[in-house]
Structures are given as C-alpha cells and as structure tokens.
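Inspection log for the structure reproduced underneath, given as structure tokens.
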Amino acid sequence: MANRELVYQDLVDPLIFFGEHDQHLRLIEKEFLVSIYPKGHSLRIEGQDKDISLAEKTLNFLFQECQRGKYLKKHDLEVVVHQVKEDEHFEVDGLDKHKIILHKNGKQIKPKTTHQANYLESIKEHDLIFGIGPAGTGKTYLAVAMGISYLLQDKVQRLILTRPVVEAGENLGFLPGDLQQKINPYLRPIFDAIYDMMPYEDFIKYRERERIEIAPLAYMRGRTLNNAFTILDEAQNTTMSQLKMFLTRLGPTSKTIITGDITQIDLPKKHTSGLLAATHILKQIKEIKFNYFDDKDIVRHPIVRKIVKAFDKYENELKIQ
C-alpha cells in the first residue's frame, strides 16, 4: 500500500473542489479504489501506485475547474473519471487549448475526450472531415459549435446543416402539415444543438438573412456550396449516389463535416450506405481526414455507454456464429 500527499494552495472554494458532503472525493475513491483523507489545503491518498496516479490526475483537473469557479456536476466528473481510466493518453490539461469560444455571447464549449479534441483540431486543419462513431459522442454537437464559431467570426458567409430524410416506418405523404412541418422532426437534433449555443432571436435573424440554412439533403442537388461551413449529419443513411452528389457540391473557401454512425443504418437492405462506402473509397485521399469515436467518447448518461457496449458485444457474437 502506497500513499501520496497532494497540496492545493490558494484553493478558491473548497465546496466546489470537494463537492457537497465530499461527494467528489467519494466518487474518486470508489472509481480508483483509493482512500482520500483531506486536511486543510492538502490531501493524502492511499492505494496502489497506479490507482493513486489516476486519482491525482482527476483531482488536478478538479482543482483547475475550481480555480475557474466552475462547479462540476456529478455526470461531468464521471466523464472525466471514465476517460482517465480508459484512455492512457488522456490529458485533462490538454483539452483547454481546443475549446471553442462563441465570441458574440462568450459561451465556451470544450471537448471532454481525446478523440473530441483531435476532431476539433482536424476541423481547423482540413476542409473535408468525417466524424464517425456511436450516438452520444459529440460528433454533431461539436461540428455545429465550430460552424457557429466560424459564422460569428465571419470566417464563412453561411452555415448549412443538412440530413437525409429516411422514412422509418412512416410515409412523409401521410404525416400532417406542409413540407417544412413534415421534415422538421428529422432536423430537430440540429435545431436543438443550435438553440443551446445562440439565442433564438439571433438564430431567426441569421435564418432570415439566409446565413444559416437547415434543409434535407435532397435540397443540396444542383448547388455549389461556396464560402460555407456545411455539416451533413446522419450520413450513414445516405446512399452512395446521394453522398457522391453532396461531396461534389463543395466549392472553394468552404469547410465540410460529415458525421454518422455506421452501426445505425436505416436504409433498405438493397442500398449500400454512402458513409460506409466512403470509408473505403476515400481513405487514400490525404486532404480528407477521418476521425473515429468509440464508446469511451460517449458523454451522455453513463448508461448509454453500457448500452452501446452491450449491443456491440451481441452483434459481434452473432457474426462469430
């Protein structure tokens, strides 16, 4: 059994650091199998050397957030703990340099995993980027955040967000309302992400000026997307011809992000997913950057990560049989 003493001088707010009733310390103890004994501005940790090091990395992150006056919710701390346990290359200190600042309202959006940080770096460095992985890994949310940031800084003239409309059991012709009302449910996740990042009134102004456009993929046919930040979401539900059509719309001075989850393809079996095909057809083009996420990047409720892993295990077992 080893022990280590950590000193945190000038601790701004012990309550933010320790959590109510020391719940942050209790969570770290439970997850890393260590014992933590606070005394003033210092902590003594007892346990195995490796476990102590992991706990220390998490505590250092907590201290940094505390000094910024940010109170970490239990879920946020659980995400950090999971990353520290699962990813040996995860460095909490390195996430800050990749944060997105929405300059008009000052809101900051920071990656929570190594893959998310690499994804944001890829978006800055490349003009065509793929983000591929399971639900809840932040692929679309971070892409939308980058798009809004570029728009607010006038790095692009337009933000274009699109999705394929795949009818899952319901025919559009039988749904109530006009065309816009019929397709809105398919585009709802994109609206939700935007509303989280900018006031509704600003969003309406940008839409009225046609600087933000949200439309089904079919509306992209015949266009050239110049000086735009374009996001194609749910690309696993594009056919090969649809994805080819979209990719050949790209104009100069534009940036394009394509996101999707190749484990959730809703196309009829006779159609090959354009996203799945693209991972093979385009992988040799050096100007295109593919970013892959896995269950370690899921930042929704912790049970979502377990659900994804359980389904993956089941599907792998079926392939072996």
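Take the range 247-262 and flag every residue that is of a type outside the set (S, T, N, Q), over 15 Å from M220 (Cβ atoms) and buried (at least 19 other Cβ atoms within 10 Å of the Cβ). Passing the criteria: K255, G260, D261.
Every test in (1) hydrophobic (A, V, I, L, M, F, W, C); (2) over 30 Å from I148 (Cβ atoms); (3) touching a Ser or Thr at 6+ places or on another chain (Cβ under 9 Å) is passed by L102 save one, and that test is (2). Given the structure, is H75 open to solvent by less than 40 Å² (accessible area, probe 1.4 Å) and of a type outside the set (S, T, N, Q)? So H75 does not fit the description; no. Taking residues in the range 149-173 that are under 18 Å from K205 (Cβ atoms) and polar (S, T, N, Q), and partners anywhere that are in a strand (DSSP E or B) and modelled with pLDDT under 95, the pairs with Cβ atoms closer than 6 Å and at least 6 places apart or on different chains are S149/I100; S149/L102.
Only a single item in (1) surrounded by 14 or more Cβ atoms within 10 Å (Cβ to Cβ); (2) of a type in the set (D, E); (3) within 22 Å of H115 (Cα to Cα) is not met by D96, and it is number (1).
Residues in the range 133-151 that are within 26 Å of D312 (Cβ to Cβ) and surrounded by fewer than 22 Cβ atoms within 10 Å (Cβ to Cβ): A135, G136, Y141. Consider the range 13-22 and keep the residues that are open to solvent by 80 Å² or more (accessible area, probe 1.4 Å) and within 30 Å of the chain's Cα centre (by Cα). The one that is farthest from K39 (Cα to Cα) is E20.
The values are calculated or read from the model by the stated rules, or taken from the named source; none is laboratory data. Worth saying up front: this structure is predicted, and the values here are computed from it rather than measured. Ideal geometry is used to build each Cβ from the backbone, glycine not excepted, and the neighbour counts take in all protein chains shown. We work out accessible area using only protein heavy atoms, side chains counted, and drop any ligands, DNA or RNA first. Shrake-Rupley method; radii C 1.70, N 1.55, O 1.52, S 1.80 Å.
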